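A.B. asks: Provided herewith is a single structure, encoded as structure tokens, for subsequent inquiry.
The values are calculated or read from the model by the stated rules, or taken from the named source; none is laboratory data. Not measured: the values here are computed from a predicted model. With ideal geometry, Cβ positions are generated from the backbone for all residues, glycine too; neighbour counts draw on all protein chains shown. Note: areas computed on protein heavy atoms with side chains; ligands, DNA, RNA excluded. Shrake-Rupley method; radii C 1.70, N 1.55, O 1.52, S 1.80 Å.
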Amino acid sequence: MTLLRDDDLAAAFDHASRSYDTLVAVNPGYHAHLRRSARRLGLPGRGQGLRLLDLGCGTGASTAALRRVLPAADVTAVDASAGMLRRAAAKPWADGVTFVHAPAERLSEAGVRGPFDAVFAAYLLRNVTDPDAVLAAVHGLLRPGGRLAVHEYTLRGRRADRAVWTLVCRGVVQPVATLLGDGPLYRHLWRSVVEFDTAGRLARRLGAAGFDQVRALPLPGWQTGITHTFVARRAPGPREDA
């Protein structure tokens, strides 16, 4: 199969939105890993006075992770799938969370304006047509010294990592998704990971996009070698302190 992109991918997520939370709930560590990545942003205190951009928020799992770690921050949560976004917005949220329907490539058209103190992008970059363009836009939305966390399926590069990923997808995820009528999306999931950057390559991509202090950090459990947090910073200006 070919990878799903743009409107086709958004439509597939629209259809899958009704069962998406059920599927991720059976993924061991899914929500805990998002919270770990949010903590790895290294932002102070409870986030008082900070503006965060949750790019590719889906049904709100990443938004919830940010709010759990930084409950006083203002969060703008964006997704290209109207169905996923409706599910997210329907959940109970404290003040300070705003949802915006927009592709990551067209944030300015949707009125998303910086500067943000941090951007969190979970399971996003391998799903966009031009990840370098998205990273350039993110760089422009961050304040100097602002932080980026990319939480993504990125194989470490060993054959064993690909084998585990294939076993989980083809043995567990795809059969269940097919029964729910969402087979194409989860076949895309498998292929999007094996065809995307390895962890090392994505770290280099972030550096090429102008970010510094780039680190690729593993996540525990069965996803070791499969999922990583990438943390980076927009460099401060010559007279600014991070």
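A.B. asks: Assigning unit charges at the beta carbon (Lys, Arg +1; Asp, Glu -1) and nothing else, what dipole magnitude in debye, to the nearest 20, does the chain show about its Cα centre?
C.D. replies: Details: 32 positive and 22 negative charges, 172 e Å.
The dipole magnitude comes to about 820 debye.
A.B. asks: Distance between Cα centroids, segment 38-72 to segment 149-194: provide it in whole Å.
C.D. replies: Cα centroid of segment 38-72 versus Cα centroid of segment 149-194: 26 Å apart.
A.B. asks: Sticking with this one: Report the rotationally averaged projected area of segment 1-94 based on its alpha-carbon convex hull, in square nanometres. Provide the component values of the computation, followed by the final result.
C.D. replies: Details: hull surface 27.1 nm².
Reported value for the Cα convex hull: 6.8 nm².
A.B. asks: Let me ask you something else. How much of the calculated P(r) for segment 90-204 lies past 22 Å, in percent of all Cα pairs?
C.D. replies: Roughly 48 percent, once rounded to a whole number.
A.B. asks: May I ask which residue of Ala235, Leu141, Gly157 lies farthest towards the positive end of the charge dipole of the chain, with charges of +1 (Lys, Arg) and -1 (Asp, Glu) on Cβ and the Cα centre as origin?
C.D. replies: Farthest towards the positive pole: Gly157.
A.B. asks: Could you give the accessible area per residue of the chain, probe 1.4 Å, as a whole number in Å²? Kindly include the intermediate steps, with their values, before the conclusion.
C.D. replies: Details: 11110 Å² over 242 residues.
Result: 46 Å² per residue.
A.B. asks: A further question on this structure: Sequence gap at least 6, Cα distance under 8 Å: using those rules, report the relative contact order of segment 101-171 to the nearest whole percent. If you can, show how the numbers build up before the last one.
C.D. replies: Details: 58 pairs, mean separation 25.0, N = 71.
After rounding, I find 35 percent.
A.B. asks: Put +1 on the Cβ of each Lys and Arg and -1 on the Cβ of each Asp and Glu in the chain; which of His101, Cys57, Pro71 then has its Cα farthest toward the positive end of the dipole?
C.D. replies: Farthest along the dipole direction, towards plus: Pro71.
A.B. asks: How high is the relative contact order of segment 149-229, in percent, with contacts defined as C-alpha pairs under 8 Å that are six or more residues apart?
C.D. replies: 46 percent.
A.B. asks: Highest first, please rank the peptides 123-129, 198-204 by the mean number of other Cβ atoms sitting within 10 Å of their residues.
C.D. replies: Output ranking for 123-129, 198-204: 123-129, 198-204.
A.B. asks: Spin-label point model (7 Å from Cα, Cβ direction): what's the Arg113 to Ser19 distance in nm?
C.D. replies: 4.3 nm
A.B. asks: Would you calculate the separation in nanometres between label points at Arg106 and Ala163, each defined as 7 Å from the Cα along the Cα-to-beta-carbon direction?
C.D. replies: In this crude spin-label approximation the distance works out to 4.4 nm.
A.B. asks: Separate question: Using alpha carbons only, how many degrees (0 to 90, rounded to 10) separate the axis of helix 6-25 from the longest principal axis of the chain?
C.D. replies: 80 degrees
A.B. asks: What 222 nm value per residue comes from the helices of the chain, counting each DSSP H run with n ≥ 4 as -39,500 (n - 2.57) and dividing by all residues, nearest 500 deg cm²/dmol?
C.D. replies: On the way: 9 runs with 97 residues, N = 242.
My calculation for the chain gives -12000 deg cm²/dmol from helical runs alone.
A.B. asks: On each of the three principal axes of the Cα atoms of segment 150-242, give max minus min coordinate, whole Å, ordered largest first.
C.D. replies: Computed over the Cα atoms, the extents are 57, 27, 21 Å.
A.B. asks: Please report the orientation-averaged projected area of segment 13-53, defined via the convex hull of its C-alpha atoms, in nm². Provide the component values of the computation, followed by the final result.
C.D. replies: Working: hull surface 16.7 nm².
Projected over every direction and averaged, the Cα hull of segment 13-53 covers 4.2 nm².
A.B. asks: Testing the spin-label approximation: label points 7 Å from Cα along Cα→Cβ at His31 and Arg5. State their distance in nm.
C.D. replies: Here the answer is 3.6 nm between the modelled labels.
A.B. asks: What's the ranking of 30-42, 47-59 by average number of surrounding C-beta atoms within 10 Å, highest first?
C.D. replies: Values: 30-42: 18.8, 47-59: 23.3.
Peptide ranking by packing, descending: 47-59, 30-42.
A.B. asks: Probe radius 1.4 Å, ligands and nucleic acids ignored: give me the carbon and sulfur share of the accessible area of segment 73-218 as a rounded percent. Walk me through the numbers before you get to the answer.
C.D. replies: Numbers: 3610 of 6640 Å².
For segment 73-218, the apolar C and S fraction of the accessible surface comes to 54 percent.
A.B. asks: State the Kirkwood hydrodynamic radius of the chain in Å, one decimal place, computed from all pairs of distinct Cα atoms.
C.D. replies: Details: mean 1/r = 0.0555 Å⁻¹.
Kirkwood radius, the chain: 18.0 Å.
A.B. asks: Provide the net charge surrounding Arg170, with neighbours chosen by a C-beta distance below 14 Å and charges set as Lys +1, Arg +1, Asp -1, Glu -1.
C.D. replies: +3
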